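What follows is one structure encoded as structure tokens, with my remarks underneath.
Bear in mind these aren't lab numbers, they're just calculated from the coordinates by the rules spelled out. Everything numeric in this text was worked out from a predicted model, so none of it was measured. All Cβ positions, glycine included, derive from the backbone under ideal geometry; neighbour counts span all protein chains shown.
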Amino acid sequence: MAEKARIAVLISGAGTNMAALVYASRIGDCAYDVVLVASNDPEAPGLKLAAAEGIATFALPHKGMTREAHDAAMEAAVREADAEYIVLAGYMRILSDAFVQRWQGQMLNIHPSLLPLYKGLDTHARALTAGDSHAGTSVHLVTPELDAGEVLAQVRVPIVTGDTPESLASRVKLAEHQLYPRAVAEYVGRWRDPSALLARLREHALALPETDERESHGSPGFRVGGEKTGKYFAYFADQHHGTPHIALLARTGSMDELLNLVETQPEVYFKPAYYGASGWVGIILNRPGVDWDEIATWLQRSWRSAAPKRLTRLLDIADTF
Ligand code: GAR
């Protein structure tokens, strides 16, 4: 069984979504484990439940602390628990930009509306006042702008005659309890799914000029320079030669550079069989928190060292300025 992703859940209140996440993680081969439940309110009922379930807990009231200091303490607890993702479940604090940026792509939230409708508070009252036929809930990535990150999943919940904000909220929560565990499992599971990783790599590789894709020894490969004379600049290697890695193979500048990368960051780089001997490095993709900008940079670099002069000449000129 593949290793599970480690998630920390942050709550402020009842923690019913946290409970749904915990119980879903105990059923079958769920892609994540809840390794920490943390709160800004030591009285949050969810903390007791988490403790009873044998999950580490952490609580720190925010009163009297700056936002940055409180965020830093929460983040320290998350790191201490060795969590790779932060999952906000009714965590009613605005987070500082720097904190959010450090966890970009690794922090999720659930919001009780059909985003982009009704960001912020009082979502149910606003949906009722507007006369909407449906309310709902959205799971989204957290970005510095409030409730504005990419929406990963949504469920619609009909509004019925006589609904109050409270009656609607409790029905929306039923939907949330189904949606959140699934959306979290699907999202954190992506980093170990070869077809999702290949799709993402392909998108970046084929965005570079004059590239095409051609299989080489059973692996997808990416070439530059045209049908006839094209040269490979990248390969996608799915657990080759007994490694557990799903990886991008890219050209480095020298064997020294390759060995240095492997020695200093073995969690990211490795020396692949065969290709390693000619200076290709393996960059591991099936790990949490892959920085895809960095992957894109590796692709560009590798593309450049394989591309014909007529394509790189302009870039070389630009570099001299
Ligand atoms: C949930 O409905 C969640 O969507 C909402 O708080 C509730 C928490 O309930 N979150 C927000 O409003 C975030 N802006 P819970 O503590 O029972 O999970």
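Tally up the residues in segment 85-99 that are on the phi < 0 side of the Ramachandran plot and buried (at least 19 other Cβ atoms within 10 Å of the Cβ), please.
First pass over segment 85-99, keeping only residues on the phi < 0 side of the Ramachandran plot: 85-89, 91-99.
Now narrow it down to the ones that are buried (at least 19 other Cβ atoms within 10 Å of the Cβ): 85-89, 91, 95, 99.
Selection size over segment 85-99: 8.
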Determine if segment 231-239 includes at least one residue that is among the hydroxyl-bearing types (Ser, Thr, Tyr) and not in a strand (DSSP E or B).
-> no
Residue list for segment 173-192, restricted to those being surrounded by fewer than 21 Cβ atoms within 10 Å (Cβ to Cβ) and within 16 Å of the ligand (Cβ to nearest atom) | Lys173, Leu174, Ala175, His177, Gln178, Arg182
Mind checking which residues of segment 127-164 are buried (at least 17 other Cβ atoms within 10 Å of the Cβ), over 27 Å from Arg26 (Cα atoms) and within 12 Å of the ligand (Cβ to nearest atom)?
-> Ala135, Asp147
Considering every residue within segment 7-16, establish whether at least one is within 11 Å of the ligand (Cβ to nearest atom), touching a residue at least 60 places away in the same chain (Cβ under 8 Å) and assigned to a helix (DSSP H, G or I).
-> yes
Residue hits (segment 141-162; free of Cβ contacts under 8 Å to residues at least 40 places away in the same chain, assigned to a strand (DSSP E or B) and under 19 Å from Gln106 (Cα atoms)) are Leu141, Val151, Ala153
Among the numbered criteria (1) touching a helix residue (DSSP H, G or I) at 6+ places or on another chain (Cβ under 9 Å); (2) exposed (fewer than 11 other Cβ atoms within 10 Å of the Cβ), which single criterion is violated by Val281?
-> (2)
Within segment 6-13, identify whether any single residue is in contact with a Ser or Thr (Cβ under 7 Å, 6 or more places away or on another chain) and more than 19 Å from His111 (Cα to Cα), and answer yes or no.
-> no
